[in-house]
1. Can you tell me which residue within the stretch 125-135, out of those that are of a type in the set (Gly, Ala, Ser), farther than 16 Å from Thr150 by Cβ and part of a loop (DSSP other than H, G, I, E, B), is farthest from the ligand (Cβ to nearest atom)?
2. All but one of (1) over 14 Å from the mean Cα position of the chain (by Cα); (2) more than 16 Å from Asp144 (Cβ to Cβ); (3) modelled with pLDDT of 95 or more hold for Ser18; state the number of the condition that does not hold.
3. Here are Arg79, Arg49: which of them is basic (Lys, Arg) and surrounded by 14 or more Cβ atoms within 10 Å (Cβ to Cβ)?
4. Do the conditions hold for Ala84, that is, is it buried (at least 16 other Cβ atoms within 10 Å of the Cβ) and free of Cβ contacts under 8 Å to residues at least 12 places away in the same chain?
5. Of the conditions (1) within 15 Å of the ligand (Cβ to nearest atom); (2) surrounded by fewer than 15 Cβ atoms within 10 Å (Cβ to Cβ); (3) farther than 17 Å from Thr65 by Cβ, Glu138 fails just one. Which one is it?
6. Could you tell me which residue of the stretch 87-124 is farthest from Ile56 (Cα to Cα), considering only residues that are in contact (Cβ under 8 Å) with a residue 24 or more places away in the chain and more than 15 Å from the ligand (Cβ to nearest atom)?
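The values are calculated or read from the model by the stated rules, or taken from the named source; none is laboratory data. Quick caveat: nothing in here was measured; it's all calculated off a predicted structure. Reconstructed Cβ throughout: ideal geometry from the backbone, glycine too, with neighbour counts over all protein chains shown.
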Amino acid sequence: MKRRNFLNWVGVGFFATSLPVVLAACQTDTGTDTAGGGDAPEPVDTTPREDGFAAIGRVSELDETGSVSSKTLSVAVIRDPANAEALIAVNSLCTHQGCAVEWEAGEGAFACPCHGSAFAPDGSVTSGPAEDPLGMFEAKIEDDLVLVKT
Ligand code: FES
């Protein structure tokens, strides 16, 4: 066997035996093992109920992140800063040009990322360019669900 053929043979053999190890090392954990009760909360059924309320999230998420929202329903819910037992639900579309506002707990306001408008928890404008308040919705808690009537 010529030296070149021998080296090619050894190289192919090394590559063939190393490939499975390299592939295994490069795989990432996809988190598909849910049998053990992973950290991701179970999704809620957002189908509107007969009473007009629809679930948009879980109380645990509300308390953990400070707010829950639904882009589909254009609604954001927080606990009332003046009464932690009460909820405040606003239409999350900014009244300026319709961007989605987000609750900024540190600011105590709904903030619009597009042009900087800010809204108090009651939906009133605290900083423009928006001029009109956010719409309000009825909200309540049942079991572990945050429900909104839109
Ligand atoms: Fe919100 Fe312009 S869309 S400030």
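1. Taking the candidates together, the pick is Gly128.
2. (3)
3. Exactly one of Arg79, Arg49 is basic (Lys, Arg) and surrounded by 14 or more Cβ atoms within 10 Å (Cβ to Cβ), namely Arg79.
4. No, not satisfied.
5. Condition (1) is where Glu138 drops out.
6. Gly108
Let's see how each residue does on (1) of a type in the set (Asp, Glu); (2) under 21 Å from Asp51 (Cβ atoms); (3) out of contact with any Pro (no Cβ under 8 Å at 6 or more places or on another chain):
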residue	(1), (2), (3)
Ile88	no, yes, no
Ser92	no, no, yes
Ala105	no, no, yes
Ala111	no, no, yes
Ser124	no, no, no
Pro129	no, no, yes
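Here is a yes/no grid of residues against (1) charged (D, E, K, R); (2) at positive phi:
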| residue | (1), (2) |
| --- | --- |
| Asp63 | yes, no |
| Glu102 | yes, no |
| Ala105 | no, no |
| Phe110 | no, no |
| Pro113 | no, no |
| Val125 | no, no |
| Gly128 | no, no |
| Asp143 | yes, yes |
